[in-house]
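Read the structure below first, then the notes.
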Amino acid sequence: MLQDDVGPEGRACLKIQSLSAGYGEVPIVRNVSLDVWPGQIVAVVGPNGAGKSTLLKSVVGIVRKMDGSVMLEGEEVSELPTEARVRKGLGYVPQLNDVFGRLSVRENLLMGGYRVGKSELSTRMGEVYGLFPQLDRMRLRTASRLSGGERKMLALGRALMAHPRVLILDEPTANLSPELSAVVLEEHVRGLADAGVGVLLVEQKAQQAVEIADWSCVLVAGEIAASGVRSDLLARPDFGELMLGGVGGVRAEPGFPR
């Protein structure tokens, strides 16, 4: 099955084609292709050191692209700086340093909407509070006083203030308890997609990520080793081996570069 077969009608909001990227002369991520559609979660899972965060950073523009392309709403953006990609509708929530600890919840959200016109700010704020009612009740509380789950909620809300078409999430459940991790993935992340945002998710809790995703890729040693819808991927007898870095006899799904 091709990934396009599970996408809704229309055009992918994010299209990554044959992307190779890294920090030096040798690429860490090689020949990766995937699409993210509006209202869809695409999860990237794999063993530690597979290049998952590097892939996200190359899409955002933090890590240098060596080859391939990144298309946002049909427009090539892989040569643009990060700030320009954000203006064009790309949101990013990093694993660490995702909120301003000394600022209040409201001030964090205002920082996320710094490029939004004054007439739109209250509308955007209301939309975020509608998605995350807890933030509304804590709007004057400083971010440093929030729990881990509340901080992640605020990080997601801050990214949404820019009204992104695609949201890039790097390990949103890092350092959270299993119970909070389930809430973040099953309620918050899934809820964002259900509201029409395309989500590209890197997550170490592989099975949970695959279960909420519409399409998932297993990245091993910088390359896509397997991909598919949740039922097919979780049914693979070698799924556990892949998550430990095993690649013996693994072939990518049709439509993805080897």
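Can you tell me the relative contact order of the stretch 91-198? Whole percent, Cα pairs under 8 Å, sequence separation 6 or more. Walk me through the numbers on the way to the answer.
Numbers: 123 pairs, mean separation 43.4, N = 108.
It rounds to 40 percent for the stretch 91-198.
Would you please give the residues with an amide H less than 5 Å from that of LEU167, counting only those at least 5 places away or on a separate chain, with H modeled from the backbone geometry?
The list, which skips near neighbours in sequence, is GLY91, GLY198, VAL199, LEU200.
Hey, of [x] 68, 40, 32; [y] 50, 37, 35; [z] 55, 39, 38, which did the structure itself give for Cα extents along the principal axes in Å when calculated?
[z]
State, as an integer percentage, the relative contact order of the chain based on alpha-carbon contacts under 8 Å between residues 6 or more apart.
Working: 522 pairs, mean separation 72.7, N = 258.
Taking the mean separation of contacting Cα pairs over the length of the chain, I get 28 percent.
Testing the spin-label approximation: label points 7 Å from Cα along Cα→Cβ at GLU179 and GLU25. State their distance in nm.
Going from the GLU179 label point to the GLU25 one covers 5.4 nm.
In the chain, what % of DSSP beta bridges are antiparallel (nearest 5)? Kindly include the intermediate steps, with their values, before the conclusion.
Working: 19 of 36 bridges.
Beta bridges within the chain, antiparallel portion: roughly 55 percent.
Residues with amide H under 5 Å of VAL220's amide H, sequence separation 5 or more or different chain, H placed in the peptide plane at 1.01 Å from N; which?
The list, which skips near neighbours in sequence, is ALA225.
If you keep only loop residues by DSSP, which GluC sites (Glu not before Pro) in the stretch 14-123 have at most 10 other Cβ atoms within 10 Å of their Cβ?
The qualifying sites are GLU25, GLU79.
Have a look at ARG115, ARG64, ARG190 and tell me which one the Gaussian network model of the chain (Cα, springs below 10 Å) gives the largest fluctuation.
Top of the fluctuation ranking is ARG115.
Taking springs between alpha-carbon atoms closer than 10 angstrom, which of ILE41, ILE168, ILE62 fluctuates most in the Gaussian network model of the chain?
Result for the chain, Cα springs under 10 Å: ILE62 fluctuates most.
Taking amide hydrogens as modeled 1.01 Å from N in the peptide plane, which residues meet the under 5 Å criterion relative to ASP67, leaving out close sequence neighbours?
Under 5 Å from the amide H of ASP67: SER20.
In deg cm²/dmol, rounded to 500, what helix-only [θ] at 222 nm does the chain give when every DSSP H run of at least 4 residues adds -39500 (n - 2.57) and the total is split over its residues?
-8500 deg cm²/dmol
Starting from the Cα of LYS57, draw a straight line to each of the lysines and keep only those under 26 Å, dropping any in the same chain fewer than 8 residues away.
Within the straight-line cut-off, LYS57 pairs with LYS15, LYS65, LYS88, LYS152, LYS205.
Say a paramagnetic label sat at a point 7 Å from the Cα of GLU120, along Cα to Cβ; which residues of the stretch 131-167 have their backbone N under 15 Å from it?
Taking a point 7 Å out along Cα→Cβ of GLU120, the residues of the stretch 131-167 whose backbone N falls under 15 Å are 159-166.
Nothing charged except the Cβ atoms of Lys and Arg (+1) and of Asp and Glu (-1): what's the magnitude of the dipole of the chain about its Cα centre? Round to the nearest 20 debye.
Working: 29 positive and 31 negative charges, 210 e Å.
Around 1000 debye, computed over the chain.
Pop out the ³J(HN,Hα) list for the stretch 84-99 in order, Karplus 6.51 cos²θ - 1.76 cosθ + 1.60 with θ = phi - 60°, rounded to Hz; leave Gly and Pro as x.
Going residue by residue, I get 5, 5, 4, 4, 8, x, 9, x, 9, 10, x, 5, 10, 6, 9, 9 Hz, with x marking Gly and Pro.
Of GLY157, GLY24, GLY46, which has the largest mean-square fluctuation in a 10 Å C-alpha GNM of the chain?
Greatest mean-square fluctuation among the candidates belongs to GLY24.
With θ taken as phi - 60° and the coefficients 6.51, -1.76 and 1.60, list the Karplus ³J(HN,Hα) couplings across the stretch 40-51 in order, rounded to whole Hz; mark glycine and proline as x.
Calculated HN-Hα couplings, in order: 10, 9, 10, 9, 10, 10, x, x, 4, x, 7, x Hz.
Coordinate-derived values only; no laboratory data. In this text, all values refer to a predicted model and were calculated from it rather than measured experimentally. When we count neighbours, we look across all protein chains shown, and the Cβ atoms used for this are built from the backbone with ideal geometry, even at glycine.
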